[in-house]
Amino acid sequence: MPASYAYLGPEGTFTEVALRTLPEAATRELVPYVSVQSALDAVRAGEAEAAFVPIENSVEGGITTTLDELVAGEPLMIYREVLLSITFALLVRPGTKLSDIKTVSAHPAAQSQVRNWLRKNLPDAAWESAASNADAARLVQEGRYDAAFAGEFAASRYGLDALETGIHDFPETAQTRFVLVGRPARPAAPTGADKTSVVLWQRDDHPGALRDLLGEFASRGINLMLLQSRPTGAGIGNYCFCIDAEGHISDRRMAEALMGLKRICLQVRFLGSYPRADIGPAKAPATRTGTSDEEFMAAADWVARCQDGRF
């Protein structure tokens, strides 16, 4: 397997900045790809050891391109996540003034984070989507557009000026979650502050169907961190559900929840158990009474004794 990581490029993306925070990135060749799909396909084809892509934003929510790519196609697995605070700069060719800007470009996920700023400062500018924020900067360099919303660090890479900096619409700086995705293998050992990601397909549509799925988590004291529906492509009203839940597949409560889901779902795709980036083991939330591994083991032992007439 090539000692390389694919990532959403070109050079100068927030994805690249987040990737370089991983210690192992210093020992890998970092190869930019033009899209999330092509980066993940490089892993599937054996051209890269892993791919690093955005999956969730605190303003926009789930990055649907990434979610859809993980839902479909040859299975892949998440091994790590990284959180990166995001603020934008307005990048322009040298000499450009705010009044000169008629077109602006960025990744679609950026639009919801700068919409109010854009309405206030450039109300007549036309928005044009790009494959990434850095690609938008490249297109500005080539003269295709007048300005791009991207990281300030991308300005020097593309010979642009940062006309405005620190742009974001919300009082709290937005965060984007990125994941390192590879081919399926044994998950890393639990740390005590972990996350498990799965995709669920309902067996049939009936009243309370979603409640049945969520009940497998709730009855075992498992907190959900993300729940997003995505269309399956089989027609209006046909959805699968992307879920992030607190815990690791080696935890008894998580393993039993997944077994329950496997029984009642048409399909379950395991996307990995991996360390949480928002907290460390020292700040891991306490498990609810009755949901620890020890309590599950004690309950199983009690059932076994009842079966043997030793209760």
Among DSSP bridges having both ends in the chain, what percentage is antiparallel? Round to the nearest 5.
75 percent
1.4 Å probe accessible area per residue over the chain, in Å²:
48 Å²
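So what is the 222 nm mean residue ellipticity for the chain from helices alone, if each DSSP H run of at least 4 adds -39500 (n - 2.57) and you divide by all residues, rounding to the nearest 500 deg cm²/dmol?
So the calculated ellipticity at 222 nm is -8000 deg cm²/dmol.
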Placed amide H near SER129: partners under 5 Å, 5+ positions off or other chain
none
How about LYS262: which lysines have a C-alpha closer than 24 Å to its C-alpha, ignoring those fewer than 8 places off in the same chain?
LYS195
Can you give the angle from 0 to 90° between the axis of helix 209-218 and the longest principal axis of the chain, with both taken from C-alpha atoms, to the nearest 10?
80 degrees
So what is the relative contact order of the chain, in percent, for Cα pairs below 8 Å that sit 6 or more residues apart?
20 percent
Per the charge dipole of segment 155-311 (beta-carbon charges, Lys/Arg positive, Asp/Glu negative, Cα centre), the residue among TYR158, PHE170, VAL199 reaching farthest to the positive end is VAL199
Please compute the net charge surrounding ALA89, taking Lys and Arg as +1 and Asp and Glu as -1 over other residues with Cβ under 11 Å from its Cβ.
-3
Efficiency by 1/(1 + (r/R0)^6): what FRET value for SER250 and GLU11, r their Cβ-Cβ distance, R0 = 30 Å, to the nearest 0.05?
0.20
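Just need the relative contact order of segment 93-241 here, percent rounded to a whole number, with Cα pairs under 8 Å and 6+ apart.
Relative contact order comes out at 19 percent.
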Starting from the Cα of SER85, step 7 Å along the direction of its Cβ; do the same at ARG305; then give the gap between the two resulting points in nm.
5.3 nm
Gain in span if fully extended, GLU142 to SER35, counting 0.36 nm per residue against the direct Cα distance
36.6 nm
Once the dipole of the chain is set up with Lys and Arg at +1 and Asp and Glu at -1 on Cβ about the Cα centre, which of GLY208, ALA109, LEU266 lies farthest towards its positive end?
GLY208
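The values are calculated or read from the model by the stated rules, or taken from the named source; none is laboratory data. Computed from a predicted structure; not experimentally measured. Cβ atoms come from the backbone with ideal geometry, glycine included; neighbour counts cover every protein chain shown. Keep in mind that these areas ignore ligands, DNA and RNA; they rest on the heavy atoms of the full protein, side chains included. Shrake-Rupley method; radii C 1.70, N 1.55, O 1.52, S 1.80 Å.
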